[in-house]
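Chemist: Below is one structure. I have some questions about it.
Please treat every number below as a calculation from the coordinates, not as lab data. These numbers come from a predicted model, not from an experiment. Cβ: placed from backbone, ideal geometry, glycine included. Neighbour counts: every protein chain shown.
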Protein chains: 4
Amino acid sequence: MAIVLGPNQYGKAETRVVRVYRDGNVHLLRDLNVSTTLRGDFEAAHVQGDQANVLPTDTQKNTAYAFASEPGIEEIEDYALGLARHFVDDVGPVHTARVEVDEYPWDRIGGPGGHPHAFVRSGQEVRTTAVTVQREEAWVVSGLKDLVVLKSSGSEFAGFLRDDYTTLQETTDRILATALTAQWRYAEPADWADAYAEVREVLLERFANVHSLALQQSLFEMGKAVLEARQDIEEIRLSAPNKHHFLVDLAPFGLANPGEVFHADDRPYGLIQCVVQRDDASPAGPAWESAAAFC
Amino acid sequence: MAIVLGPNQYGKAETRVVRVYRDGNVHLLRDLNVSTTLRGDFEAAHVQGDQANVLPTDTQKNTAYAFASEPGIEEIEDYALGLARHFVDDVGPVHTARVEVDEYPWDRIGGPGGHPHAFVRSGQEVRTTAVTVQREEAWVVSGLKDLVVLKSSGSEFAGFLRDDYTTLQETTDRILATALTAQWRYAEPADWADAYAEVREVLLERFANVHSLALQQSLFEMGKAVLEARQDIEEIRLSAPNKHHFLVDLAPFGLANPGEVFHADDRPYGLIQCVVQRDDASPAGPAWESAAAFC
Amino acid sequence: MAIVLGPNQYGKAETRVVRVYRDGNVHLLRDLNVSTTLRGDFEAAHVQGDQANVLPTDTQKNTAYAFASEPGIEEIEDYALGLARHFVDDVGPVHTARVEVDEYPWDRIGGPGGHPHAFVRSGQEVRTTAVTVQREEAWVVSGLKDLVVLKSSGSEFAGFLRDDYTTLQETTDRILATALTAQWRYAEPADWADAYAEVREVLLERFANVHSLALQQSLFEMGKAVLEARQDIEEIRLSAPNKHHFLVDLAPFGLANPGEVFHADDRPYGLIQCVVQRDDASPAGPAWESAAAFC
Amino acid sequence: MAIVLGPNQYGKAETRVVRVYRDGNVHLLRDLNVSTTLRGDFEAAHVQGDQANVLPTDTQKNTAYAFASEPGIEEIEDYALGLARHFVDDVGPVHTARVEVDEYPWDRIGGPGGHPHAFVRSGQEVRTTAVTVQREEAWVVSGLKDLVVLKSSGSEFAGFLRDDYTTLQETTDRILATALTAQWRYAEPADWADAYAEVREVLLERFANVHSLALQQSLFEMGKAVLEARQDIEEIRLSAPNKHHFLVDLAPFGLANPGEVFHADDRPYGLIQCVVQRDDASPAGPAWESAAAFC
């Protein structure tokens, strides 16, 4: 019966890399938040304080910047794969590297074809990737977060289980709103940008057009449609806070409120999470082991 | 030599009002964060604890919801004027009311003419208004905040004052980025939505096309162009953090960095603030006395 | 009728300065967030883009670090006065400098007299100062923010004004909770640390022991007691969100709720703000013109 | 090859429960943020939109409030165990319930034995628990987060692995600072409050007194000491951002900087995470499957 070191990892979190591509006067912009995490033979660092196997997190930051120059940032998935492969192949003690990237999208001022080097940040969703390289293998998970959507009709919630603590009324017409997080795992390399655009569009289309009997059902339909549209995606995880909008009682003021005035509440919120997958999906391995899972 | 009550005000902050307009199946959405503040004869409330003159902040919240139903929310400026006028006219002890509104814009899923009642939040800027009604008078300030813009060229900073603590190098090509806050005061009622759209467009256009010798100069040109475009605007205030992007030194890794790879820093940041106004502007009165000024 | 530059200022915001004092093995820690703002002859910078009068904000940051070394940081008020005086005296175009400092307090691990150089951050309040130097004159405002306090009894709210939108019930026993911001202006230099400790203690004591008829009354009594305790303080500003705690209706579950179970709500919140001052206070000049007032 | 529902869960997040205990005039306060998550037979809810098995998240919120009354909140672990056991035993479709609770500690104004019902929030750490009940079994994880600690000496970082991207200098005396998150799993029920106090003290003591060769080593020593002190704890997870403090170069201003003036940087930061455990620990089962792991 001894006390031992268990699973462990370390890295550099939230390196804010901005890459400008210049084609004469016309610029392209990549605005990233990069986190790298290494796993491997780091027992001596913990138990004896011997750092001989530890590549500094400062070096990981430098590497993130250097790789933004060469090979550059075509798409975040390529960039993350390159970084993770480097750590596993070139840093002896490392057997697994995980690179998580958030990309903040920017629009050209004046719209597509507009100003050559002036941009306005599109505050809509954040595009994400989480790449894991373990020895010879690699897994690519892509996603989005903070995509805030709302339906002001076409959503009900009824026929639910009731117990002694249930006071909620059934409703056949309510506001349904969420800030969607989605992550999907690829079976093979894809045209990342094209796949992203398609998945995003399918998610929005299904959210809008599925008559919702509950957020669970909307999420499942959204996930299913993604897998139907993209054969190269094996599973998708959806996490969605149910951002409640409560109808305000205006009767004391002599006013009717036929689904017009709502209070948008902050907390608490529902939190609905599910995975939709192919029944013959390849093993996920460490693909989902985010740094957050440690916290 | 006595201890006395000085300026004071109170109100309800951040009431989250969502208003749905239904034209058959086609819905419109107004998503607001409303803060109301009252000034008047509230000395007894402070000094004797006598609340006879104090309209509860809970009532102010109720009123914000009721007015969202009737007269409704045409534009946030109209709505705020109606609320503020009500407090001054109908609540005896109140001589001044200030109503501040943030509006979160939403896009229709599928674009203009798209889905009738499904929306995605446009995360770009937040539209704002701050209306002050004092007895018979009224002032309308409109604005925007969190409009994040970036130029990857067309910006320099040189010829500045140097002292013993100056180490900064001059540059003739740098990234210029900010999260713009702008507030403008109207001389008279306007077509609020139209004015907003025009001011926003002028601000973006000038930010993009002015060759910037410093953020101060860009801001002044942006403000000046707004006043030139809109005769009904008397002054505009601009507040802009200089969100620094530092060129990363890649030389240790054998890489050149000709304006390509940057570190986006969080803190510290420059903070540039100025007012651009007509020299015959009408008195601003209490138009700029925000609740934040008290903090 | 021309378009002209109005009030303007610029500076470096949120420079995070940490200063360690070493007396052998025993260390002292100062952990600051420093913002400097300059006003003066900066018209050419805005109108012509001529930066000859503009001391870079980068230089202001350097100066904040250099002054943390020499003369050092005895108390934040001394440090801010030194910095502001330097900018006004030594930088030609500057006629007014404002230095705002937040200090994050730390406790020694093991308590007073405990570990010589290991600390745990005391998350209670943040200590603040805002010093304004204008030519020969200086104003010192000190304060605190984010001091979260709660009374679970000794607070009522009744006898208030009612109108058509009032639904609130009167109460003679409620939870009163706030996150206090206080700022007080000194008539003359003081023992800053001693004054801070005394004001903080008076504020807490009065919050606790005044039987509250409303938050307005509590704040006034708190402010009044500070002015009674400290002759060197001329006025105090208090800003306090009323953080509502709503009694939960447990009757549907067959449970009484005699002031025991509450929902702590986020938004909206009341916001109560007042100034308590001496009727013969010296002119405040620009003492209260914070950078935030521009936004 | 079909598309199927994978793992899924749902619940109510961040219910803000405040419980007052009244012993005459002397009150005790429990200030909680409660999240409940259910897993079970919810396939029909997703696939057919049939909610017959779904206990509304609104009901979960009601239950959290009701249980705060009866049986009440002795310690957060007891409260969470009671809630989770109820969901599994009394709600048919549920086989697993997870209850996560954050507790915000408050101090009595005037110190221990001070004011009977006036409190000031201790902003130091947040106490946490995450209880999982699966059919007949239960797992209790307790922890803390946001415990911000700093050593201004007794920390070095040298002898590390270097590669082509390494520019970091070795140091034998640096600031070591972090915001600690720790979570430990119990083998059996404990005196939760006593255990919490002891673990917290051990963590602080080891952070302070271990001469640190790296944050990895400090964390391992902290975790090991906890397991040595408490036989009822089987494993502990530590997650610690390395909050970098960079020595400022004051040489351009003619000033030495012998470890005195630092810039506290925001991003990027190192992130060091490890588990310390007994080699004969009981199976962790679903104990660590936080809601966050889904995102």
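Chemist: How high is the relative contact order of region B:1-128, in percent, with contacts defined as C-alpha pairs under 8 Å that are six or more residues apart? Don't skip to the end; give the middle numbers.
Modeler: Working: 205 pairs, mean separation 32.9, N = 128.
The normalised contact order for region B:1-128 reaches 26 percent.
Chemist: Right, next: Sort C:V131, A:V99 by Cβ crowding within 10 Å, fewest neighbours at the top. Numbers along the way, then the final one.
Modeler: Values: C:V131 25, A:V99 29.
So the ranking, lowest neighbour count to highest, is C:V131, A:V99.
Chemist: Counting other Cβ atoms within 10 Å, which trypsin sites (Lys or Arg not before Pro) in region A:101-202 have at most 10 and lie in a DSSP loop?
Modeler: A:R135
Chemist: Another question, if that's okay. Given A:K12/A:K224; A:K151/B:K12; C:K151/D:K151; A:K151/D:K243; A:K12/D:K151, which pairs have Cα atoms separated by over 32 Å? Show your work: numbers first, answer last.
Modeler: Values: A:K12/A:K224 35 Å; A:K151/B:K12 28 Å; C:K151/D:K151 36 Å; A:K151/D:K243 42 Å; A:K12/D:K151 21 Å.
The answer is A:K12/A:K224; C:K151/D:K151; A:K151/D:K243.
Chemist: Oh, and also: Considering all alpha-carbon pairs of region A:1-45, what whole percent are spaced by more than 12 angstrom? Display every interim value, and only then the final one.
Modeler: On the way: 718 of 990 pairs.
Percent of Cα pairs beyond 12 Å in region A:1-45: 73.
Chemist: So, one more: With only alpha-carbon atoms in the gyration tensor, what are the semi-axes of the equivalent ellipsoid for the protein assembly as shown, in Å, largest first?
Modeler: Working: eigenvalues 342, 293, 243 Å².
They are 41, 38, 35 Å, listed from largest to smallest.
Chemist: Based solely on its DSSP helices, what 222 nm [θ] is calculated for chain B when runs of n ≥ 4 H residues each add -39,500 (n - 2.57) and the sum is averaged over all residues, nearest 500 deg cm²/dmol? Provide the component values of the computation, followed by the final result.
Modeler: Values: 5 runs with 66 residues, N = 295.
Estimated from H runs of four or more residues: -7000 deg cm²/dmol.
Chemist: State the Cα centre-to-centre distance between region A:116-169 and region D:54-99 in whole Å.
Modeler: Here the answer is 27 Å between Cα centres.
Chemist: Show log10 I(q)/I(0) for chain A at q = 0.09, 0.11, 0.12, 0.13 Å⁻¹, two decimals, from a solvent-free Debye sum over equal Cα scatterers.
Modeler: -0.57, -0.80, -0.91, -1.01
Chemist: In which sequence would D:V276, C:V26, B:V4 go, from the one with the fewest C-beta neighbours within 10 Å to the one with the most?
Modeler: Values: D:V276 26, C:V26 12, B:V4 17.
So the ranking, lowest neighbour count to highest, is C:V26, B:V4, D:V276.
Chemist: Same structure again: By Kyte-Doolittle mean hydropathy of at least -1.0 and Cα axial length of at least 20 Å, which whole DSSP H helices of chain A are selected? Each step should come with its number before you reach the end.
Modeler: On the way: long enough: A:76-90 (21 Å, -0.05); A:192-209 (25 Å, -0.15); A:215-229 (21 Å, 0.32).
Helices meeting the span and hydropathy rule in chain A are A:76-90, A:192-209, A:215-229.
Chemist: Sort region C:1-119 into rounded, prolate or oblate with this rule: let a ≥ b ≥ c be the square roots of the eigenvalues of the Cα gyration tensor; rounded if a/c is under 1.5, and if a/c is not under 1.5, prolate when a/b is larger than b/c, oblate otherwise.
Modeler: Values: a/c = 3.59, a/b = 2.93, b/c = 1.22.
In terms of gyration-tensor shape, prolate.
Chemist: Roughly how many Å is it from the Cα centre of region D:3-50 to that of region C:19-33, as a whole number?
Modeler: Each part reduced to its Cα centre gives a spacing of 44 Å.
Chemist: For chain C, what is the relative contact order in percent, using Cα pairs closer than 8 Å and at least 6 residues apart in sequence?
Modeler: Computed over chain C, the figure is 13 percent.
Chemist: Between A:R135 and B:A158, how many nm apart are label points set 7 Å from Cα along the C-beta direction?
Modeler: The modelled label-to-label distance comes out at 5.7 nm.
Chemist: Would you mind computing, in nm to one decimal, how far apart the modelled labels at C:V26 and A:T167 are, each placed 7 Å from Cα along Cα→Cβ?
Modeler: 5.8
Chemist: What FRET efficiency do you get for B:A256 and C:E74 if R0 is 35 Å and r is their Cβ-Cβ distance, rounded to the nearest 0.05? Intermediate results must be reported in sequence, preceding the final value.
Modeler: Working: r = 47 Å, r/R0 = 1.34.
It comes to 0.15.
Chemist: Right, something else. Residues with amide H under 5 Å of C:I109's amide H, sequence separation 5 or more or different chain, H placed in the peptide plane at 1.01 Å from N; which?
Modeler: The list, which skips near neighbours in sequence, is C:H115, C:A118, C:F119, C:V120.
Chemist: Report, as a whole number in µm² per second, the diffusion coefficient that Stokes-Einstein gives for region C:174-261 at 20 °C and 1.002 mPa s using the Kirkwood radius over alpha carbon pairs. Please report the intermediate quantities before stating the final value.
Modeler: On the way: Rh = 14.9 Å.
Translational D for this selection: 144 µm²/s.
Chemist: Starting with the highest mean, order D:77-87, B:222-232 by the number of other Cβ atoms within 10 Å, averaged over the residues of each peptide.
Modeler: Numbers: D:77-87: 22.7, B:222-232: 19.0.
Peptide ranking by packing, descending: D:77-87, B:222-232.
Chemist: Between region A:224-295 and region D:171-238, what's the alpha-carbon centroid distance in Å?
Modeler: Each part's Cα centre sits 36 Å from the other's.
Chemist: Among D:L271, D:L144, D:L255, which one shows the highest mean-square fluctuation when chain D is modelled as a Gaussian network with alpha-carbon springs under 10 Å?
Modeler: Answer for the Gaussian network model of chain D: D:L255.
Chemist: Sorted from fewest to most neighbouring beta carbons within 10 Å, what does the list B:T166, D:T178 look like?
Modeler: On the way: B:T166 18, D:T178 24.
Lowest to highest Cβ neighbour count: B:T166, D:T178.
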